[in-house]
Structures are given as C-alpha cells and as structure tokens.
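Working notes, structure below.
The values are calculated or read from the model by the stated rules, or taken from the named source; none is laboratory data. Source: prediction; values computed, not measured. Cβ sites come from the backbone with ideal geometry, for glycine too, and all protein chains shown count toward neighbours. Ligands, DNA and RNA are excluded from the accessible area calculation, which covers all protein heavy atoms including side chains. Shrake-Rupley method; radii C 1.70, N 1.55, O 1.52, S 1.80 Å.
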Amino acid sequence: MSDAGVDALILGREANARYVSGAGRLWLAGARAFAPGCVLVAATGDVHLLSTSDDGVPSDVPLEHLYAITWNPANLMARLAAIPGLATAGRIGVDSLTPLMESLLGATFPNSELTDGQSVMLAARRHKLPAELDAIRRAVDLATEALDAARAMARPGVRERDVLAHFEQRMCDLGTTTPAFEGTFGHAFPSDRLLVTGDRIVLDAGVLVQGYEGGLARTIVCGGDQPDSTPADDVLMTISSALKPGATGADLWAAWDATGVRRPTQPLVHGTGLGLEPPVVGADDGALDAGMTLSLRTEVDGWVRRDTVVVADTGARLLASR
C-alpha cells in the first residue's frame, strides 16, 4: 500500500478479503455485485469486515471491527464513514466498483481519491507466503487422492458422471466439499456417456483448501495398459524447466515450439492460489518471479497433463507426488 501510495483499501472480491483478513467464507460465484466487504486502513493497520457474526473471523479481528450487513445503502455508508482513519484517507484503493457504489463512495468520502486497489492486491498476492504454500500443497495432495479414486472408477461401461461423483465423494471424505472448478471426466461436461475400452479419458479436476486451489490433470487409457509416460508428460517436463524467474510468455512459447508440437488452444500457464491469478500465458507476457505458483497445462494429440507448480531458480517444482 505504501509503494502504491494508497491509504486504505475497500475490498469486495472474495479472494482479496480472505487474503487481507484470513476470514473463511463459502466460495461464491463471481457474478455477484460489488459490496464493501473488507476494509484495511494503513494508518491503523486495522481490518474491518462486513459481518453480523464473528463465526469464521480470526481472533485478531476484534468484534468492534465488524460492521453489520444492511440493505439500506445510507446505513452502510455511515458505517464505513465511522471506521477510524477511513474518512481522512487521501487515496482509497477499490478492487471493483458498480456505478451505484462509485457514486455512494464518492459522496461519502468527497476528499478522497478512489483508485485501483486490485493491482495493489495482485502485487501482494503474487509471491506466496509459507502458509499459503502449505495450503496449496494440501489442496494438491487432496486433489491427487480424489483423482486417484476417480481413475480407479474409470472402467469400461461406467458413466462419465459416475466418475465425477466418485471424485466428489472422495473429496468430501478427505475433508473438503468445494471443487475449485467444474472438472473434466472424459468430457468437459460429464454425461451419461459410457466409457469405452481403449478410449483416452482426460481427468482434470481441482479442490479448494482454505480457499486455495490445488489441481491436476491426467490422461488414462480406459481398460488398457497405462503408459509410463505420455507425449503431454514429456512436453510438460520440457516447459517446466523453462519456468524460471525472469522468463516471459515468449520464452515459454519458444520452449513449446522447440518440441515441434502444435500450440494448444488453451492458455499454457496461469497463476493460481486463491483462484485464477495473473499471469495468463496466452493473454499477457509478464515475467515470472520466484515464489509464484502456477497451473501448467500441456495437450498433445488428445493426451492432457496439468500440474500445480512453484517457480524456483532452477525451474518449476511440481507439487503433486504422482
């Protein structure tokens, strides 16, 4: 915040609120309108949360730092204005805005400049803290076990949706009820289609642990012998060695092109942590830093491999054990 010249943050995005406060909330779709759910004031260092209960709120956020939910915008703005240090903040970073909220915040804090808070948050979240890496590792381990169960279920004559159900049952047994995204179990939209002997079955799924994502994809041969290594595995290992600090999207594509394999239609790499994060290689060309966590995906002739990796000085370190 100091580097960005921001005196306070008003946050509404789930990932940002969780990162700043540590408060656990249920995963929500991204289509909901912006609401000022979390406030951080630089002068005091205090976090304030929009909540009527301290359930799931860390103990270092005291009860008096909770401001109650209300359907009356005037009451909500009055509660924000009462937060110590917020009314006198020169620049307030906001991670999203609706036209209504822009008008209300501008009227409530007329002496403050509303500025981009999302870039501040993404810069802070770019390098993962040890506790974040622990959560991501746990998520990857859990996803691996659940996907192993799905892999064992993927036999000839079994429906795709039954493989999905088996993954989610195992995921719940292991302690999480929240998939990170809609998984692929044969197809992107698993159906009543029966698996057939000899088919290549793509299993691509992930889970959330404490809000942090762990995911992976593997391709199996239904009812047949499994190869020790697939073309997608080989390309992934080649690309992972290029995932070094300072590498750009152009460097990664050069490594891909050197394999002689046609480029994929999906992004090769994207940041991961509290959901999808920059960079997205295929859409931007930002340089990588040590300590970033990425989702690396390769696809070759129907074989798919995806892993969650940590960028290290020597290349990417895969978090999945198998």
Result of the Cβ filter at 9 Å on the range 234-254, keeping first residues that are in contact (Cβ under 8 Å) with a residue 60 or more places away in the chain and partners that are surrounded by fewer than 20 Cβ atoms within 10 Å (Cβ to Cβ) and of a type in the set (Asp, Glu), at least 6 apart or interchain, is Ala242/Asp251; Lys244/Asp251; Lys244/Asp313; Pro245/Asp289; Pro245/Asp313
Of Ala43, Ala33, the only residue that is under 22 Å from Ser2 (Cα atoms), assigned to a loop (DSSP other than H, G, I, E, B) and among the small types (Gly, Ala, Ser) is Ala43
Of the residues in the range 193-206 that are over 26 Å from the mean Cα position of the chain (by Cα) and open to solvent by less than 80 Å² (accessible area, probe 1.4 Å), the one that is farthest from Arg306 (Cα to Cα) is Val196
With criteria (1) more than 21 Å from Asp141 (Cβ to Cβ); (2) open to solvent by 40 Å² or more (accessible area, probe 1.4 Å), Val235 comes up short on (2)
Checked pairs for the range 61-80, first within 20 Å of Thr44 (Cβ to Cβ), second buried (at least 18 other Cβ atoms within 10 Å of the Cβ) and aromatic (Phe, Trp, Tyr), C-beta under 7 Å and 6 or more apart or across chains, list as Arg79/Tyr67
When the range 220-274 is checked residue by residue, the ones that are farther than 28 Å from Pro179 by Cβ and among the hydrophobic types (A, V, I, L, M, F, W, C) are Ala242, Ala247, Ala250, Trp253, Ala254, Ala255, Trp256, Ala258, Val261
When the range 175-188 is checked residue by residue, the ones that are surrounded by fewer than 19 Cβ atoms within 10 Å (Cβ to Cβ), over 22 Å from Asp301 (Cβ atoms) and either in contact with a Phe, Trp or Tyr (Cβ under 6 Å, 6 or more places away or on another chain) or not β-branched (Val, Ile, Thr) (or both) are Gly175, Thr178, Phe181, Glu182
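Residue-by-condition table, conditions (1) touching an Asp or Glu at 6+ places or on another chain (Cβ under 6 Å); (2) surrounded by fewer than 17 Cβ atoms within 10 Å (Cβ to Cβ); (3) modelled with pLDDT under 95; (4) over 18 Å from Val309 (Cβ atoms):
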| site | (1), (2), (3), (4) |
| --- | --- |
| Arg218 | no, no, no, no |
| Gly223 | no, yes, yes, yes |
| Pro227 | no, yes, yes, yes |
| Thr230 | no, no, yes, no |
| Ser240 | no, no, yes, no |
| Leu243 | no, no, yes, no |
| Ala247 | no, no, yes, no |
| Trp253 | no, no, yes, no |
Residues in the range 22-41 that are at pLDDT 90 or above and within 22 Å of Met101 (Cα to Cα) total 6
The number of residues in the range 235-272 that are in a loop (DSSP other than H, G, I, E, B), closer than 15 Å to Glu299 by Cβ and hydroxyl-bearing (Ser, Thr, Tyr) is 2
